[in-house]
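Chemist: Got a structure here, written out as structure tokens. Questions coming.
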Amino acid sequence: MVFILYTVLDSISTNIDERQKLGDLWFNEHLESLEDSIRDLDKELKHASLEQQAKQNSENHEDKIVPEKIKNDIETAFYRSKNDHNQCTWQTSPPTNTTFNSQQLYDSLPFDNPDGGIWTQGYDIQYNASQWTSNKKLKIILMPHSHADPGWRSTYEEYFVHAVYHILNTMIDILETNKKYKFVWAEMSFLSLWWDQATPKQHSLLKKFLKNQQLEIVTGAWVMNDEANTHYFAMLDQLIEGHQFIENKLGNITVRSGWANDPFGYSPTMAYLLQRSGIQYMAIHRVHYHIKKALAKEKRLEFLWQQTWDRTLSTRIFTHLLPFNAYDIPHTCGPDPKICCQFDFLRGRQSYKNCPWGINPVIIDEKNIQERAELLLDQYRKKAQLYRTNALFIPLGDDFRFRTIEESKLQFDNYDKLFTYINQQIHWNTHIQYGTLSDYFAQLLQEKPLTEFPSYAGDFFTYADRADHYWSGYFTSRAFFKRMNRIAESHLRAAEVLFSIAHATDLQGKIFSYFPKDDLFTKLIISRRNLGIFQHHDAITGTAREHVVNDYGEKLLAVIVLSQIIMQQSAAYLLFQDRYSIKSQFLVSNQEFQTFESLAIRKFVSFHKHHMIYIYNPTDQRRLEIIKILLHKYQVHVTSDNQTITDCQIDPKWSHRRSNIINENQFELLIQIDIEPYSLKEYTIHADATKKSCPLSKIQYVDEKQIQTNLSTPFKIELIDAKTFEIDNRVFSIIFSKNGAILNVQHKKFDEKLHFHADLISYGTLRESDHHSGAYLFIPDGEARFIPMSDCDFIRIQQGPLVSRVVINHKLYGLQYKLTNTIGSNDNLIHISTITHLDMNKDTELALRLSTGIKNEREFFTDLNGFQMIRRKTYDKLPLQGNVYPMPTMAYIEDDYMRLNILAGQPSGVVDVFLDRRLTRDDGRGLGQGILDNREVISTFKILFESRHKIADRTAQTGYPTLLAHHLSIELLYPLHIFNLLASKIFFNELKLFPKPLPFPSDYHLVNLRTLSSNNYNTVQHRPSKDIALILRRFAYNCDENYDKLFHFEQPIFEYFFQVNQIEAIEQTSLSLRYRKQKLNSTAKLDVPFAEIVTYKLRLTE
């Protein structure tokens, strides 16, 4: 967010003309500036008082205490005295130090780019052949592999038919020919398709090779997921889906190692999920070339990757980093790709490309084998200098390799000859063999224990592969589908919970109606797998070709539609019980997704006397917020359980999202909902003119020309005859200029003026043929350009008792500011949404620039996958694109007095808040296309200001949102679901899904309640088992006593979720359910460590 870079701005205006228009406000602004200076002075006095208090406490203490500890002790005492549950004491001990971390690397490295010679981005590597002896041999593991993308330039299914099906068949055939041959496979999505078509003999051979370790499954997830834009829910879900396939089809196979050669940067969240799933080692590749070079010089390319918040050393996973530019054969044998390419024996064949360095491979024979072996070994020896042991890892593969027996024989036959010759040369002191990834790590551990390797904390963003080519564009590419992905996730998770409860109820046998569990579970499996496919590192990233993107869109649409069906049927079964019938439709979702490339629309509700809806809250906390229903009349009132709901509002229905035309006889009913966690609740809309109807909002304009004439409407429409206008609620007062710019934000609770401004800006890109933005890269042509507010079509203000909003429609975008008045936590937010549809024929990147008066000293925090926060800093030594980082769900900046959080409903890049990008050219990373398939997309944000109670920590690598920020983010990501009731009679006004009304303490979150698949299923119909995965997360959060005291922190027990007679057995397992940790009983407490996720497997009775 460029509020990180641009601070202490008293006003924002977008061009000289607008500044002149605001000239008459100059005097008032400077008076306010003087008032701000007085407030700043008051803050400084308070700060000095706090430091003096710390000093006095240290002087009065019996023991000598270092200053840093004084501060911690004071803060601990403050929270202990005000929070009986001591929820914050875990923060008093710092995370365990590591040998190095990402912040240290960025602070210390110059990020220059000198020519390294043969290893262009590195340096000249020298070695002494005498360093290896007969007792200290160089031991080389060569790992054959094939990288298979579930969609990129072809669709997932197209790649399977044309490539992967043949690769897996070839793999089976070639491994059968020689027990020394090895292979690894990563993507269970492809293996599942192959398994469904394979013969029984092929099934048997695959299991045989897994058992004798000729074949290794690495990671074992559904896909090799992206790690920048993904949310941990979907990351874990697709990991579980892959591991469940292994469990159900392949048996007791241990997945020891993770393999991620192609994601465009790496998150510690993925390292955590793998480590907690029982994976011990991992290998990664795409890390900034300058960081690779620095780590290579210090022999730190292998390290123990630790979570930034880890205080017990329990999260460490051993990680290997490939050193060179690519994962293909030319860039994996050693530093000289010209030589390494000569050992990719498919090159130069008519069916494949030549080596770009001009020298193709030659077949190994008796005449050339000595020269060829010496040449190759020289590269191996040079590569070995970058690591700490004499074990050397050499991947052998590339995208969609080993498609045919002929190709496989070319590689294996030639390497067989090289292996035999090298191993026979006793004085070379080298042993080389085929191996899997785990074979390599086993060899390494024979050389050196893990305790002798360095440790690391942090992430590996933002990736650059050369020069100033930073891969920060894909954080925002195809913004429409990034948003759609979050919608699909929310639907799937809500469906998972409802189905699991309905399935558990069905197992009890107390409801006599037939519940179509097999059909709904099959739909659930399809939804899981489709969402899993989209987590692939060329899908959610927006880096696939247009027809592939469309295919992904169809898959996401299927997730949403199928999840709606699952929710409708499961909710109806629970609500109507013995009256439920699969032949009747009781509930239908109020939202409709007509195509994969259009935004959701609300269904129009027409009724005579009354209309019932059910609200479903799929989250852990009580929700007090506003829903919207589209009606044919405005004289209505609302009840719930026959009690009148007075908090409602009628808004006009505009003809489309960016329209200023009111639809006649269509209205939007806003209702304030109060609903308990994990419950369904009835609300009824009554058409009765004799009772007091919901009040109508008032509509205002700043320009008379923008007012629609000749309109018959019940709404009061006014012209604002002033130089400014205002919207407010109980927390905020926001004053705007007549051109829509924010002039002043007053926080009523803090009694403080906030220097908050928002502007829309755009970036272009360079015109050079090999140096411009594309699907992957962001290479701007200079600083951002402000988009003049003078180009607005209209500015509209709508004010009512529940919601007030300012709508600005510009030629390039729609922008809305909204305040709610619910007496709930949403009143603490400035809601911002944008509508964009880039369709111009030029390179354009649109962003939202937020500016504040917070003195954050160029530092900011972004989340990693919605799971944890990491400190960022902008550096002058990096280009603008190198200061852009992923923001999957939130970011914040802070000083000693104020924190500003931005909570996002979709992932994007951030330094400015990027909204969408349209690019006419390919950026040279293999896609072969620009991005010209933009759709209309809505981006949603919540802006939360929080007063700080303690001095900001300027040293910690991680940060923690408050509990309020966590809860509000969950509400944004997992909205309420609305169902129209089609039945004439109801039996429950409110139905709670769990036995205990408030099952979760405020710092716990139900990640998923996932019914597991039975082994007994076919490719068409899946069957649910009696096993359910209960997956819980416990937030690490920054304590705010005023908010935290509103909640309970009682640890839950299993009886809160299911009755004792429903539970047959309970196990705590690894995250992906592959390994059992301990057996538990129904009265055991679910003790989830702070900042962690824990999986429990419950077997239900039947």
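Chemist: May I ask you to verify whether Thr177 is among the polar types (S, T, N, Q), open to solvent by 20 Å² or more (accessible area, probe 1.4 Å) and either under 23 Å from Leu396 (Cβ atoms) or not assigned by the TED database to the domain that holds Met270 (or both)?
Modeler: The answer is yes for Thr177.
Chemist: Could you figure out which of (1) buried (at least 20 other Cβ atoms within 10 Å of the Cβ); (2) in contact with a helix residue (DSSP H, G or I) (Cβ under 8 Å, 6 or more places away or on another chain); (3) touching a residue at least 12 places away in the same chain (Cβ under 8 Å) isn't true of Trp357?
Modeler: (1)
Chemist: Right, another one. With respect to Ile835, is the statement that it is open to solvent by less than 10 Å² (accessible area, probe 1.4 Å), outside any loop (DSSP other than H, G, I, E, B) and in contact (Cβ under 8 Å) with a residue 60 or more places away in the chain true? So that I can check it myself, show each step before the final result.
Modeler: Details: open to solvent by less than 10 Å² (accessible area, probe 1.4 Å): no; outside any loop (DSSP other than H, G, I, E, B): yes; in contact (Cβ under 8 Å) with a residue 60 or more places away in the chain: yes.
Taking the combined requirement at face value, the residue does not satisfy it.
Chemist: Return yes when Arg300 is of a type in the set (Lys, Arg), closer than 18 Å to Ala464 by Cα, in the same structural domain as Asn354 (by the TED database) and assigned to a loop (DSSP other than H, G, I, E, B) and no when it is not.
Modeler: no
Chemist: Sticking with this one: Is it true that some residue in region 190-212 is more than 21 Å from Tyr474 (Cβ to Cβ), open to solvent by less than 10 Å² (accessible area, probe 1.4 Å) and in a loop (DSSP other than H, G, I, E, B)?
Modeler: Scanning region 190-212, I find no residue that is more than 21 Å from Tyr474 (Cβ to Cβ), open to solvent by less than 10 Å² (accessible area, probe 1.4 Å) and in a loop (DSSP other than H, G, I, E, B), so the answer is no.
Chemist: So for region 721-730 (the condition being assigned to a loop (DSSP other than H, G, I, E, B), within 30 Å of His1005 (Cα to Cα) and out of contact with any Phe, Trp or Tyr (no Cβ under 8 Å at 6 or more places or on another chain)), does at least one residue qualify?
Modeler: Yes, that holds for at least one residue.
Chemist: Also, quick follow-up: Would you please list the contacts, defined by Cβ atoms under 7 Å and residues six or more apart or on different chains, that run from a residue in region 441-464 that is in the same structural domain as Ala296 (by the TED database) to a residue that is crowded, with 23+ Cβ neighbours inside 10 Å and acidic (Asp, Glu)?
Modeler: Every condition considered, the pairs that remain are Phe453/Glu302.
Chemist: While we're here: If you check Arg286 against the conditions, is it open to solvent by 10 Å² or more (accessible area, probe 1.4 Å), touching a strand residue (DSSP E or B) at 6+ places or on another chain (Cβ under 9 Å), of a type outside the set (A, V, I, L, M) and within 24 Å of Glu452 (Cα to Cα)?
Modeler: No; evaluated as a whole, the condition is false for this residue.
Chemist: Moving to a separate point now. Based on this model, can you work out whether Val911 counts as more than 30 Å from Arg623 (Cβ to Cβ), touching a residue at least 60 places away in the same chain (Cβ under 8 Å) and surrounded by 20 or more Cβ atoms within 10 Å (Cβ to Cβ)?
Modeler: Here the answer is yes, as Val911 does meet what is asked.
Chemist: Assuming Leu777 fulfils every condition listed in (1) over 30 Å from Ile540 (Cβ atoms); (2) part of a loop (DSSP other than H, G, I, E, B); (3) not aromatic (Phe, Trp, Tyr) apart from one, which condition is it?
Modeler: (1)
Residues checked against (1) open to solvent by less than 40 Å² (accessible area, probe 1.4 Å); (2) part of a strand (DSSP E or B); (3) in contact with a strand residue (DSSP E or B) (Cβ under 6 Å, 6 or more places away or on another chain); (4) under 30 Å from Arg493 (Cβ atoms):
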| site | (1), (2), (3), (4) |
| --- | --- |
| Asp651 | yes, yes, yes, yes |
| Asn660 | yes, no, yes, no |
| Glu664 | no, yes, no, no |
| Glu668 | yes, yes, yes, yes |
| Ile673 | yes, yes, yes, yes |
| Ile685 | yes, yes, yes, yes |
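Chemist: Quick check on this structure: which one of Asp506, Asp465 is in a strand (DSSP E or B) and open to solvent by 10 Å² or more (accessible area, probe 1.4 Å)?
Modeler: Numbers: Asp506 fails: in a strand (DSSP E or B).
Asp465 is the lone residue from the list that is in a strand (DSSP E or B) and open to solvent by 10 Å² or more (accessible area, probe 1.4 Å).
Chemist: Return the total of residues in region 124-173 being of a type outside the set (A, V, I, L, M, F, W, C) and in a helix (DSSP H, G or I).
Modeler: Here the count works out to 12.
Chemist: Run down Glu704, Glu783, Glu726 and say which single residue is closer than 30 Å to Thr476 by Cβ, open to solvent by 60 Å² or more (accessible area, probe 1.4 Å) and of a type outside the set (A, V, I, L, M, F, W, C).
Modeler: Answer to the check: Glu783.
Chemist: Return a yes/no flag: does region 239-252 have any residue that is open to solvent by 20 Å² or more (accessible area, probe 1.4 Å), without any contact (Cβ under 8 Å) to a residue 40 or more places away in the chain and under 30 Å from Asn178 (Cα atoms).
Modeler: Yes, some residue in region 239-252 is open to solvent by 20 Å² or more (accessible area, probe 1.4 Å), without any contact (Cβ under 8 Å) to a residue 40 or more places away in the chain and under 30 Å from Asn178 (Cα atoms).
Chemist: Quick check, is Gln708 part of a strand (DSSP E or B) and either touching a Phe, Trp or Tyr at 6+ places or on another chain (Cβ under 7 Å) or in contact (Cβ under 8 Å) with a residue 12 or more places away in the chain (or both)?
Modeler: For Gln708, the condition - part of a strand (DSSP E or B) and either touching a Phe, Trp or Tyr at 6+ places or on another chain (Cβ under 7 Å) or in contact (Cβ under 8 Å) with a residue 12 or more places away in the chain (or both) - is not met.
Chemist: Among the numbered criteria (1) within 26 Å of the chain's Cα centre (by Cα); (2) open to solvent by less than 10 Å² (accessible area, probe 1.4 Å); (3) farther than 26 Å from Tyr232 by Cβ, which single criterion is violated by Pro516?
Modeler: (1)
Chemist: Which numbered condition in (1) in contact with a His (Cβ under 7 Å, 6 or more places away or on another chain); (2) under 25 Å from Leu972 (Cα atoms); (3) outside any loop (DSSP other than H, G, I, E, B); (4) not basic (Lys, Arg) is the only one that His637 fails?
Modeler: Checking His637 against (1) in contact with a His (Cβ under 7 Å, 6 or more places away or on another chain); (2) under 25 Å from Leu972 (Cα atoms); (3) outside any loop (DSSP other than H, G, I, E, B); (4) not basic (Lys, Arg), the one that fails is (2).
Chemist: So, one more: Has region 134-141 got any residue that is surrounded by fewer than 16 Cβ atoms within 10 Å (Cβ to Cβ), modelled with pLDDT of 95 or more and closer than 30 Å to Pro879 by Cβ?
Modeler: No, that holds for no residue.
Chemist: Any idea which residue in region 174-189 is farthest from Tyr434 (Cα to Cα), counting only those that are assigned to a helix (DSSP H, G or I) and polar (S, T, N, Q)?
Modeler: Among residues in region 174-189 that are assigned to a helix (DSSP H, G or I) and polar (S, T, N, Q), the one farthest from Tyr434 (Cα to Cα) is Ser189.
Chemist: Something else: Mind checking which residues of region 213-226 are in contact with a helix residue (DSSP H, G or I) (Cβ under 6 Å, 6 or more places away or on another chain), assigned to a loop (DSSP other than H, G, I, E, B) and either charged (D, E, K, R) or farther than 30 Å from Tyr474 by Cβ (or both)?
Modeler: Hit for region 213-226 is Gln214, nothing else.
Chemist: Being closer than 15 Å to Glu597 by Cβ and open to solvent by less than 10 Å² (accessible area, probe 1.4 Å), is that true of even one residue in region 563-578?
Modeler: No, every residue in region 563-578 fails to be closer than 15 Å to Glu597 by Cβ and open to solvent by less than 10 Å² (accessible area, probe 1.4 Å).
Chemist: Now a separate question. Among the listed residues Ile662, Ile613, identify the single one that is under 21 Å from Cys694 (Cα atoms) and at pLDDT below 95. Before you say what the answer is, go through the steps one by one.
Modeler: On the way: Ile613 fails: at pLDDT below 95.
The match here is Ile662.
Chemist: Also, I was wondering about something else. From the residues in region 669-697 that are of a type in the set (Val, Ile, Thr) and in contact (Cβ under 8 Å) with a residue 40 or more places away in the chain, which one is nearest to His1005 (Cα to Cα)?
Modeler: Restricting to residues being of a type in the set (Val, Ile, Thr) and in contact (Cβ under 8 Å) with a residue 40 or more places away in the chain, the top hit is Ile675.
Chemist: Among the numbered criteria (1) in contact with a Phe, Trp or Tyr (Cβ under 6 Å, 6 or more places away or on another chain); (2) crowded, with 23+ Cβ neighbours inside 10 Å, which one does Lys877 miss?
Modeler: Exception for Lys877: condition (2).
Chemist: When you check Thr219 against the structure, is it touching a strand residue (DSSP E or B) at 6+ places or on another chain (Cβ under 7 Å) and either open to solvent by 10 Å² or more (accessible area, probe 1.4 Å) or over 29 Å from Gln275 (Cα atoms) (or both), yes or no? Step through it out loud before you land on a result.
Modeler: On the way: touching a strand residue (DSSP E or B) at 6+ places or on another chain (Cβ under 7 Å): yes; either open to solvent by 10 Å² or more (accessible area, probe 1.4 Å) or over 29 Å from Gln275 (Cα atoms) (or both): yes.
Yes; evaluated as a whole, the condition is true for this residue.
Chemist: Starting from region 367-386, take each residue that is within 17 Å of Tyr127 (Cα to Cα) and list its partners that are in a loop (DSSP other than H, G, I, E, B) and aliphatic (A, V, I, L, M), counting only C-beta distances under 8 angstrom and pairs at least six apart or across chains.
Modeler: Within 8 Å, the pairs are Lys382/Ile125; Lys383/Ile125; Gln385/Ile125; Leu386/Ile125; Leu386/Leu301.
The values are calculated or read from the model by the stated rules, or taken from the named source; none is laboratory data. For clarity, every value in this text was computed on a predicted model and none was experimentally measured. Cβ: placed from backbone, ideal geometry, glycine included. Neighbour counts: every protein chain shown. The protein model used for the area step is the full one, side chains on, heavy atoms only, and it has no ligands, DNA or RNA in it. Shrake-Rupley method; radii C 1.70, N 1.55, O 1.52, S 1.80 Å.
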